[in-house]
Amino acid sequence: MFSKSSTGVCAVLCAFVVLLAARSTEAQEKPAASKAVFRQPDPQSQPDLFVWTDTCNVYVLRDGDAALLFDLGDGRVLDHLAEIGVKRVEWVLLTHHHREQCQGIERLDRSVTKVAAPKAEQALFETPAEFRKWFPTLGDAFSVYGASYVRPPRQPIPLDQALESEIAFSWRGHEIQCLDTPGHSPGSLTFVIRHGGQSIAFTGGVMHDGAKMTTWFDTEWDYGFAKGIDTLIQSVELLIEQRLDLALPSDGPAILNPQAQLETYREKLAAFRRSYVRGYPVFDSTEQDRTANAH
């Protein structure tokens with residue numbers, strides 16, 4: 001009835017269906033996920049700093065009954081702020097443009113809450129449709145061979161303030177230093193607060209706890225020529241210079257020993273880069289050098 005080739009295909013399909021059914025059963029047997037709650041990365045030293053997790057980590061800096069948020073996630077945090085005594089959000093600072101950082105933006109009352117984000121990614125926030133094209137071309141921004149490596153939000157997000165590196169953002173007596181740390185995205189910022197003898201950094205997607213890369217695809221900018229990796233290494237080196245006591249990433253647990261982890265991460269990225277570009281004619285110097293090599 002079936003040829004040998006069609007019989008093989010049927011066998012593979014049947015095995016796949018069985019696997020899906022098994023996984024579906026496993027999922028049904030697992031207990032429901034526990035209710036999300038606020039946590040505190042450092043309750044002793046930073047009693048007014050909280051974290052809520054949904055599509056990303058949302059960090060809440062409380063001052064009386066007001067708050068500033070670092071990233072927003074899907075917006076569910078807004079439903080629970082009263083649990084920690086917060087009545088209004090005055091600012092949301094976005095570390096970078098990836099849609100999981102800001103997809104709940106439509107839930108904000110923009111007459112009450114202002115939004116700030118990296119100036120280097122302002123266009124990605126405010127005109128996202130320009131970076132999602134039906135027919136991409138080689139000349140498109142943030143793309144290589146027509147494939148884009150940015151993931152802008154669904155709808156435009158007008159910014160009340162575009163933040164730049166080395167310029168402090170002030171909020172209720174808190175001086176928040178902005179540092180350029182691209183690599184995970186083209187223009188992401190890290191926000192640093194120095195308070196109570198500690199240096200605390202909201203690092204976005206620069207590094208996951210365990211000196212691990214948050215995602216690979218967001219750093220693949222040029223199909224194997226390591227531009228994204230080189231940029232990320234530079235950002236890691238800048239953070240090492242800050243002598244951080246606590247790093248708070250967009251995903252995963254707080255990084256309690258950031259100095260040691262950042263140094264390990266730099267070594268990992270450098271080792272990875274050597275293997276990654278092996279066999280490619282990469283020229284790590286000037287445009288003149290590249291032109292000379294081309295001849």
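Brief remarks on what is shown
- So residue 143, is it within 30 Å of residue 197 (Cβ to Cβ) and of a type in the set (Gly, Ala, Ser): no
- Residue in segment 120-139 that is in a loop (DSSP other than H, G, I, E, B) and in contact with a helix residue (DSSP H, G or I) (Cβ under 8 Å, 6 or more places away or on another chain) present: no
- Verdict on residue 214 being within 18 Å of residue 257 (Cβ to Cβ) and surrounded by 13 or more Cβ atoms within 10 Å (Cβ to Cβ): yes
- Residues satisfying the stated conditions in segment 108-123, i.e. under 25 Å from residue 218 (Cβ atoms) and of a type in the set (D, E, K, R): 119, 121
- Subset of segment 69-93 (residues that are on the phi < 0 side of the Ramachandran plot, assigned to a loop (DSSP other than H, G, I, E, B) and without any contact (Cβ under 8 Å) to a residue 40 or more places away in the chain): 72, 74, 86, 87
- Every residue from segment 148-177 that is touching a Leu at 6+ places or on another chain (Cβ under 7 Å), farther than 22 Å from residue 103 by Cα and free of Cβ contacts under 8 Å to residues at least 60 places away in the same chain: 165
Rundown of residues vs (1) surrounded by 12 or more Cβ atoms within 10 Å (Cβ to Cβ); (2) modelled with pLDDT of 95 or more; (3) closer than 23 Å to residue 163 by Cα, yes/no style:
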position: 24; (1), (2), (3): no, no, no
position: 28; (1), (2), (3): no, no, no
position: 61; (1), (2), (3): yes, yes, yes
position: 84; (1), (2), (3): yes, yes, no
position: 109; (1), (2), (3): no, yes, yes
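- Taking segment 180-295 as the region of interest, the helices (runs of 4 or more DSSP H) fully inside it that hold 3 or more residues being at pLDDT below 95 are 258-276, 287-294.
- If the condition is being over 22 Å from residue 93 (Cα atoms) and either hydroxyl-bearing (Ser, Thr, Tyr) or more than 14 Å from the chain's Cα centre (by Cα) (or both), then segment 186-218 contributes 197, 210, 211.
- Residue check for residue 149: among the aromatic types (Phe, Trp, Tyr) and touching a helix residue (DSSP H, G or I) at 6+ places or on another chain (Cβ under 8 Å): yes
- Qualifying residues in segment 156-191 (those that are surrounded by 13 or more Cβ atoms within 10 Å (Cβ to Cβ) and polar (S, T, N, Q)) - the one farthest from residue 233 (Cα to Cα): 161
- Taking the criterion of being among the hydrophobic types (A, V, I, L, M, F, W, C) and more than 20 Å from residue 88 (Cα to Cα), the only residue of segment 37-62 that qualifies is 56.
- Boolean, residue 228 is among the small types (Gly, Ala, Ser), under 21 Å from residue 72 (Cβ atoms) and surrounded by 18 or more Cβ atoms within 10 Å (Cβ to Cβ): no
- Flag for residue 101 being farther than 20 Å from residue 253 by Cβ, outside any loop (DSSP other than H, G, I, E, B) and of a type in the set (S, T, N, Q): no
The values are calculated or read from the model by the stated rules, or taken from the named source; none is laboratory data. On a predicted model such as this, the values are computed, not experimentally measured, just so you know. Please note: Cβ atoms are built from the backbone with ideal geometry, for glycine as well, and neighbour counts cover all protein chains shown.
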